[in-house]
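In what follows, a structure is listed as structure tokens, so that the remarks can point back to it.
Derivation of every value follows stated rules applied to the coordinates shown; laboratory data play no part. Only a predicted model underlies this, so the values are computations on that prediction, with no experimental measurement involved. When we count neighbours, we look across all protein chains shown, and the Cβ atoms used for this are built from the backbone with ideal geometry, even at glycine.
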Ligand SMILES: [Zn+2]
């Protein structure tokens, strides 16, 4: 296939319905080992949040907060993986999501040391704290609701995106579906000539 394989994929089925699916899919692998991370930098993380109305465009997301988003995403992906495989969940992933769920904007505490005198601790902007809680809450709703029965991973290797299955479709995008079909046709043709 000649199309630009590094172009970003459109949202997976269910990503518009479940913010948590959209979040889990914000990093993915494309054929050829291309890795896309929409939260890869503080600026791109801020943009991702702003596009979803979770933070203003000028929220001033710093690397520390972008890291917190990426860490939460990995924990949510771990819970999704456990649900899809019907495996026990990692307690660390569960408690990380619960910590984010109960997260509220915290006060920048007053600090003092001899070198600096009084100063206040750096924090994520309150919007980002709320965004983390919102994303965790959406994951909790999805996992504990009937939608979880339809949660699945894209079956087109090497894609690792999650989607909500509709009918028999197990691909996150037309591009992945075309690739999976082409791979199957190739395997069939190969088995005939071997
Ligand atoms: Zn896919």
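Computed from label points 7 Å out along Cα-Cβ, the spacing between residue 119 and residue 181 is 5.9 nm. Descending by average beta-carbon neighbour count within 10 Å, the peptides 157-163, 183-189 line up as 157-163, 183-189, the highest first. Relative to the longest principal axis of the Cα atoms of the chain, the long axis of helix 174-193 lies at roughly 40 degrees. Ordering of 72-80, 93-101 by packing is 72-80, 93-101, highest average first (other Cβ atoms within 10 Å, averaged per residue).
Of all the options 48, 112, 171, the one that moves most in a Gaussian network model of the chain with Cα springs shorter than 10 angstrom is 112. For the chain, the longest principal axis of the Cα atoms and the long axis of helix 63-85 meet at an angle of about 40 degrees. Put in line by how crowded their Cβ is, counting other Cβ atoms within 10 Å and starting with the fewest, 193, 152, 41 read 193, 41, 152.
Where only DSSP H runs of four or more residues are counted, the chain gives -15000 deg cm²/dmol as its mean residue ellipticity at 222 nm, each run worth -39500 (n - 2.57). Multiplying the residue separation of residue 50 and residue 98 by 0.36 nm and removing their Cα-Cα distance gives an extension gain of 14.9 nm. Label zone of residue 85 (point 7 Å out along Cα→Cβ, amide N under 15 Å): in the range 137-154 this covers 152-154. With springs only between Cα atoms under 10 Å apart, run a GNM on the chain and tell me which of 125, 11, 91 wobbles the most. Looking only at 125, 11, 91, the biggest GNM fluctuation is shown by 91.
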